[in-house]
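The values are calculated or read from the model by the stated rules, or taken from the named source; none is laboratory data. Given the structure is predicted, the values throughout are model-derived calculations rather than measurements. In this analysis, Cβ positions are derived from the backbone assuming ideal geometry, glycine residues included, and neighbour counts consider all displayed protein chains. SASA here: full protein model, heavy atoms, side chains in, ligands and nucleic acids out. Shrake-Rupley method; radii C 1.70, N 1.55, O 1.52, S 1.80 Å.
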Amino acid sequence: MEIEIDTPKGPGRAEVEWPEGDARYLLAITHGAGGGVDAPDILAVRDAVLASGGAVARVTQPYRVAGRRMPGANTAPQDLAWSAMIEKLRAEPGAAGVPLVLGGRSNGARVACRTASALGADAVVALAFPLHPPGKPEKSRAEELRGAGVPVLVVNGDRDPFGVPDAADAQTLEVRPGERHELSKDPEGVGGVVAEWLGERFPVR
């Protein structure tokens, strides 16, 4: 099911898929700065989560729907639009009372972390969290991970030029050997890690 969601920053879009039977949780996951929700790791996570009984909403943010490649340096408008979309998704039939997991890859992971507490999320999945701009380790974004306020799973490649977070910055850190920022060598493995972690947090009721 694809739905368009109005936000203060223009329309966004969400592709929502439900498992057979009652959903164990709803994972709302979004893209990187210039990417889309059909990135290999996002699709692999979608498949693994659906197979394990979770629901998935792949969220395209308004700036991408409008055709812009980058969200801009000011994070507040992006967080505002994302928050409006998540609130709408939580009102969808079947979502009431279901645990909410926020997720994203790269820039999207930052958005998920920054908004998790305010949106009442139960957990965050951060794929390829961009710890710092390439070649600028002094500009760390680790505080966004530490400030999420909920359990966070980070999945990063050990060759990511954006850096790899420290184990102390998240509840669970999975470092994938040989992977770069795209996490494209073994996306199914990434999906399996995410589904297993979420399955442990949200067992069948």
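List pairs: first residue in the range 177-192 and farther than 17 Å from G35 by Cβ, second residue open to solvent by 70 Å² or more (accessible area, probe 1.4 Å) and part of a loop (DSSP other than H, G, I, E, B) anywhere in the structure, Cβ distance under 6 angstrom, at least six positions apart or on different chains.
Matching pairs, first to second residue: P177/D158; G178/K185.
In the range 76-107, what residues are among the hydrophobic types (A, V, I, L, M, F, W, C) and in contact with a His (Cβ under 9 Å, 6 or more places away or on another chain)?
none
Of all residues in the range 176-196, count the ones that are open to solvent by 20 Å² or more (accessible area, probe 1.4 Å), in a helix (DSSP H, G or I) and of a type outside the set (G, A, S).
Residues that pass the stated criteria total 3.
Here is a yes/no grid of residues against (1) among the acidic types (D, E); (2) within 12 Å of the chain's Cα centre (by Cα):
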{"residue": "D41", "(1), (2)": "yes, yes"}
{"residue": "V49", "(1), (2)": "no, no"}
{"residue": "G54", "(1), (2)": "no, no"}
{"residue": "T60", "(1), (2)": "no, yes"}
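Just to verify a result, which residue in the range 54-71, among those that are within 11 Å of A28 (Cβ to Cβ) and out of contact with any Leu (no Cβ under 6 Å at 6 or more places or on another chain), is surrounded by the fewest Cβ atoms within 10 Å (Cβ to Cβ)?
R58
At pLDDT 95 or above and under 16 Å from G192 (Cβ atoms), is that true of A51? Don't jump to the end; show me each part of the working.
Values: at pLDDT 95 or above: yes; under 16 Å from G192 (Cβ atoms): yes.
Here the answer is yes, as A51 does meet what is asked.
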